[in-house]
Amino acid sequence: MVPNGTGDQIMSPPDASPAATRAQAANAVRLRDAARTYSVGAVEVPALRGISIDIPYHRFSMVIGASGSGKSTLLNLIGCIDAPTRGTVEVCGEAIGALDDDGLADFRARNIGFIFQTFSLVPVLSAYENVEYPLVLVGTPESERRRRTMAVLDAVGLGAHAHRRPNELSGGQRQRVAIARALVKAPQIVLADEPTANLDSETGAAIIELMHRVQAESHTTFVFATHDPQLMSQADEIFVIRDGTIVERRHGRSNA
């Protein structure tokens, strides 16, 4: 996989101190007082209540919490799928609020890989075509698309099933296609919502090992929402979210 950047394009305010600039440049994700409220009829429902976190580059960071605590909403803000009602979100040095819809779409396509809990595979496309699609979006040449797509399908154990459509695959196989699709372009950030939920323990361990390899080779930052103890044991840091608020940050392997 082709190594990607680690924040060289990060912009800082003209009056930022050198120390602040270095600290900001070290973070793949930076949220300040980020809140998200949804309107359900006449009722305002707060999903996130002013979150401020920094996630450094090249980390395995986990977000854990009960169902409905705000994990998926937080990933959606980081992934530029949703916008905060209040506060700021910076990803890979980009102030997300300053981008228009086309800019957001281009930023996501080039910098972020997603592993959705519901897989979100295109049903009329084969496993190969689903995995290849992110490379099509960013204009990767066909020969390079073929090489990278087959390499990552082989890595998740699905090379022999490349031409099967999602309805011809098991739940665990569809999960692995979704993981391969997120990794194929070696993005700066991978956001994963319960990526090992549909996998047996042996396959889950192999997928975690693959993600570590991508992290090492491509300097990718991973942010997971998970309940999986096996995955949590690999965390560099764990953010505990409750009722839309980060209530605890636990240090993991890199801080041991």
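Each value in this text was obtained by applying a stated rule to the coordinates, not by laboratory testing. All values reported here derive from a predicted model rather than from experimental measurement. Positions of Cβ are backbone-derived with ideal geometry, glycine not excepted, and every protein chain shown enters the neighbour counts.
Annotation: the antiparallel percentage among DSSP beta bridges lying fully within the chain is about 60. Each Cα pair under 8 Å and six or more residues apart adds its separation to the average, and for region 117-212 the resulting relative contact order is 37 percent. Looking at (i) 18.6, 62; (ii) 17.6, 52; (iii) 18.1, 57, which value of Rg and Dmax of the Cα atoms in Å comes from a calculation on the structure shown? Looking at Rg and Dmax of the Cα atoms in Å for this model, the match is (iii). GNM remark for the chain: springs join alpha carbons under 10 Å apart, and the peak mean-square fluctuation among G93, G41, G70 falls on G41.
One chain, two ends: S120 and R249. Fully extended at 0.36 nm per residue, the span grows by 43.4 nm beyond their Cα-Cα distance. Based on C-alpha pairs under 8 angstrom that are at least 6 apart in sequence, the chain has a relative contact order of 27 percent. The helix-based estimate of mean residue ellipticity at 222 nm for the chain, built from -39,500 (n - 2.57) per DSSP H run of four or more residues and divided by its residue count, is -10500 deg cm²/dmol to the nearest 500.
Our note on the geometry: Cα centres of region 26-64 and region 82-144, 18 Å apart. For the options E129, E217, E44, a Gaussian network treatment of the chain with springs between C-alpha atoms closer than 10 Å singles out E44 as fluctuating the most.
From the square roots a ≥ b ≥ c of the eigenvalues of the alpha-carbon gyration tensor of region 37-168, which class results: rounded (a/c under 1.5), prolate (a/b over b/c), or oblate? Taking the square roots of the gyration eigenvalues as a ≥ b ≥ c, region 37-168 is prolate.
Going from the residue with the fewest nearby Cβ atoms within 10 Å to the one with the most, L125, L199 rank L125, L199. Neighbour counting of Cβ atoms within 10 Å sorts the residues L231, L210, fewest neighbours leading, into L210, L231.
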